[in-house]
1. Does any residue in the range B:7-28 that is touching a residue at least 12 places away in the same chain (Cβ under 8 Å) come within less than 7 Å, Cβ to Cβ, of a residue that is not in a helix (DSSP H, G or I) six or more places away or on a different chain, and which pairs are these?
2. Could you go through the range B:113-129 and let me know if any residue there is at pLDDT 85 or above and either in a strand (DSSP E or B) or outside the structural domain of B:Leu191 (by TED's automatic domain parsing) (or both).
3. Tally time: how many residues in the range A:224-245 are in contact (Cβ under 8 Å) with a residue 12 or more places away in the chain and more than 9 Å from every other protein chain (Cβ to nearest Cβ)?
4. Is it the case that the range B:511-521 has a residue that's modelled with pLDDT of 85 or more, more than 25 Å from B:Leu404 (Cα to Cα) and in a loop (DSSP other than H, G, I, E, B)?
5. Please specify each residue of the range B:271-304 satisfying the condition of being of a type outside the set (A, V, I, L, M, F, W, C) and modelled with pLDDT under 85.
6. Inspect the range A:145-161 for any residue being away from every other protein chain (no Cβ under 13 Å) and either modelled with pLDDT under 85 or surrounded by fewer than 24 Cβ atoms within 10 Å (Cβ to Cβ) (or both) and give the result as yes or no.
7. Taking the range B:532-572, which residues are within 24 Å of B:Trp407 (Cα to Cα) and part of a loop (DSSP other than H, G, I, E, B)?
8. Just checking, does the range B:653-667 include any residue being surrounded by 14 or more Cβ atoms within 10 Å (Cβ to Cβ), modelled with pLDDT of 85 or more and part of a loop (DSSP other than H, G, I, E, B)?
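The values are calculated or read from the model by the stated rules, or taken from the named source; none is laboratory data. Remember, predicted model here, so these are calculated numbers, not experimental data. Quick reminder, even Gly has a Cβ in these numbers, built from the backbone with ideal geometry, and neighbours come from all protein chains shown.
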Amino acid sequence: MVRAVEEYLKPEVVRQIARLDLRAQFIVRGFLQGLHASPYQGFSVEFSEHRKYAPGDDPKDIDWLVYAKTDKHYVKKFEAETNITGYLVIDTSGSMAYTYRQQLTKLDYSISLAAALCWLMIHQQDPCGLMTFDDRLHASLPARSRRSQIAQVLSVLAKVRPSGKTDIPRSLVQVAAMLRHRSLVMVFSDLLADPEPIRESLLRLRHRGHDVILFHVLDEAEVRFPFEGVVEFTEPEAQDRLVIDADAARRGYVSAVESFREEYRKFCFHAGIDYAPLDTSMQFDRALMEYLVSRRNRF
Amino acid sequence: MNLTFLTPMLLGGAALVAVPLILHLIMRRKPVKREFPALRFLRQKAIANRRRLRLNHILLLLLRMAALALLAFALARPTLRGAGWLAEGEGPVAAVFVFDTAPRMLLREANRTRLERAAAMAKVLFAKLPPNSKVAVVDTSGGTAAFAASNAAAAARIDRLAAAPQTLSLPSAIAEGRRLLETAELPRRELYVFTDCSRGAWQGAPAAEAATESSELYVDVSAAAPQNCGIDGIDLAADTIASGTPLSLQVSASREGPDLSRAIAVELAGADGRYARRAVKPVAWKQGRQAAVEFEIAGLEPGVRQGRVLIDGADDLEADDVRYFTVEVGAPARVLVAAPAPADRNGRFVAQAIAPAALRKLNKARFDATLVDVERLDTTAWEGFAAIVLVDPPPLSDRSWDSLGQWVAGGRGLVVWLGPQAVEAARFNSDSGQRVLGGRLVRVWRSPEGGNFLAPMQLDHPMLAAFRRVGDAVPWQDFPVERHWEFQPSAADAAAADGPAVVVAPYRNGLPAVLEHRLGAGTVVTITTPASQAASDPDAWNTLATGFEPWPFVMLANESLLHVIDTADDMNIAAGRPAVLHVDRRTATAFVRTPGGDDVPVAIDQQRGTISVTATQTPGNYLLRSGGEIGGLSKGFSVNLDAAATDIVRLDDEALKGVLGAGHRLARNEADLVRDVNLDRVGAELFGWIILLAAVVMAGDWVLANRFYAPRDDAVGPAAGGHLPLEAGA
């Protein structure tokens, strides 16, 4: 019996698949099966396009055969230009290891998503690279579009262990410095740090011409705050402690998180950044759709 | 209400409230630990939240302390009681039993009188008395109030209780009981009042006093639906009647219970003391209504006549089924009417008014009037006359005044109708004259035609009692008084021995019209306008005697004379009141025959010429005899129960609250009595209530504690380290 499409996209189902490559395929196939009038149709990797000549284009790129047939100038180096270089930038700090339900941590969720995206990109022959960071950049795989790149990316992702404190601005600045071509930078982070430097670093990426998708991954508990009674909370990175009556604090907390996300949403809108607020209970299709919409908007 | 503890030592357990405090301080239960990365969002609200947390902790702490304190409180077995801070539950008490022994307590209900019921309930209380208790019995018959030597003696006193006419009212007996309790040495004091809660028992009782230190319990011995019919009272038209005059009796009788028809009879005592029935009339009562029956008994022989009015047939209370009366039937009182010459003309109005010729012929006149010229007054023998009437007297000599004064002071009467003959006021106002009249003439007062007349404002003077029966119907305005003497009573200190004359009735202009002056044992009545002038006289001062149908004048002439002749012997008295009868000073010894038939010698007050009989507790007819059967003294009096003594109508709850106080305790039956006494002596234990309260507090603690600390189903351990290893796969 064929599983319902939604089943492929549920974190609790995906969690049961240990192999990351299978997990990635599982997510992508589930996603593609679910698409009907999908934007994916416009991104066939087999299809080549011509583009009208525009002043500034190199004249040597003009396809004279087409000119002969149509008496119009078209440039022919279109295949390379339709490819998009994507970089998966994943926050691996200690806070990303958090899970309330003991199912997918924020990092697991981010990795699953990143793997699916990688798998999707490589199959579209888009080069895909990988960077992980906590308070600085760690692993770094240059973008490739070879099929073997999937294995390399997944291999690195499978070995990632959450640890240490986070320094997102610094890491993003490093990312910006490393990327020479305009790329699609997909950042996976819980953004639990001072927002202002993070925004500056994101702007810096934008100023360099990169397209940025910010996957703001929070745990389900971080969004809904399901705690009750008196709880002593410990911050995993800084080891700060706070004893609090969870029932009394819930409303204020949820409101604070919502305004935190809202501020990021507004900032990203103004900065031309795609902002995807996610939590670990959400299906993966939303994240994949963000990517595809972003890719289409580039052309 | 006092709060006491049966096991006060256990109150020390309240110190355990310190335990949760100590535990709270040294063993603070740790909250559930959780890792949580998004701590930054919590910090903003942390301060307010911490305050609430602390408040919750304090609330929990207080609840636990309260629970422990309540447990200790409950185990100490607190009890609410009316008295006994100092004594133990079974310590001796000083108890005073106050009984209402009025005759109404003989009302028989369920084959038992109220008094018997009170005694039975008192026995129940006796059985509940702790050992070594002191008991006193006080009743309304008024004996000495003291604590009995032993409980057995007190019980015997209760057994001997008998109904008797009250000498003490119930409130007075209660006050006596309270005074007695104050002298008691025992710290616990109890007062029990046995009452039928009737209107008669609490008549005229002051509002309830403030609570005393002693515990007071009222025991209601009345029944729910008493049935009784009784004679409330008999109204004699006069204590003294002339022979040949019928005796008028007005009997009022009331009924408690359903409608009833009975007969009321009048019986007269014969010479042998036996009663013979003279009249019977039927009476039909409606529920709670009074009935009035009038009798006229004619043919009474001269002398002291005694009788009784009774309701035929038996009922639940016999004491009020009979009332006694005594009247004196005698020859018409002889009155000397002295008027200016010609006396038969000037004195005829008064003489006709007091002894009408028609009645004299029939030998039924109240008075035997003898007319005499005032000039011959001194030479007339006054012996045998009961009173002298001076009609328009001229100024008399001092000797005449002195003689009159002396004669009146000996217990006779004088009526003076002042008129124009007194024109020489200065002569009239001699010292002797003023002594007799109690004042002096000032001037003749003239009033415009028809503008002035007698206007008695209040009819409360005994002389005007007869006018009360006709009320406002007396047409005084039809008998104008154009001239009258202005009479000024002597100053209060001027005639210290006898006092000044007092105004009985004024004219419309406010000046005195009728005055009364007590002179020794006699009385002088002065009327400041004459009754001697003919209607044809152009100088007539008034038309009192000459107006159309002058019955007010006739009444005034008769009543003034009756008033001065009255011997002041009250022959119908209430039980317990002393009877005072005037006798001839020459009487040496006298005996009183009581209703029981006993002859009791009584002493004679030679100085006052009176006999006082104080042993008048028993209702009935008393006969006073001295000397032989013929020619000896024969007087008598009747003793009746006070109406309150037989008034069994129960006070309603509101009225009862007024006399007993809002917080009074009233036991209606033996079960009430035992419970109330136990409640008061042992107290009502609050254990159950406090344990319930403690349970509520503990439940509140449990709910709050679970809310604060209890582990949640979804809290399955620390959240850290939830990362699952992944395999690279491809």
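1. Going by the 7 Å Cβ cut-off, the qualifying pairs are B:Thr7/B:Ala76; B:Thr7/B:Arg77; B:Pro8/B:Ala76; B:Leu10/B:Ala76; B:Leu11/B:Phe5; B:Leu11/B:Ala76.
2. Yes - at least one qualifying residue is present in the range B:113-129.
3. Looking only at that region, the number is 1.
4. yes
5. B:Asp272, B:Gly273, B:Lys286, B:Gln287, B:Gly288, B:Arg289, B:Gln290, B:Gly299, B:Glu301, B:Pro302, B:Gly303
6. Scanning the range A:145-161, I find at least one residue that is away from every other protein chain (no Cβ under 13 Å) and either modelled with pLDDT under 85 or surrounded by fewer than 24 Cβ atoms within 10 Å (Cβ to Cβ) (or both), so the answer is yes.
7. To start, the set of residues in the range B:532-572 that are within 24 Å of B:Trp407 (Cα to Cα) comprises B:556-570.
Correct list: B:Asp566, B:Thr567, B:Ala568, B:Asp569, B:Asp570.
8. No, because not a single residue in the range B:653-667 is surrounded by 14 or more Cβ atoms within 10 Å (Cβ to Cβ), modelled with pLDDT of 85 or more and part of a loop (DSSP other than H, G, I, E, B).
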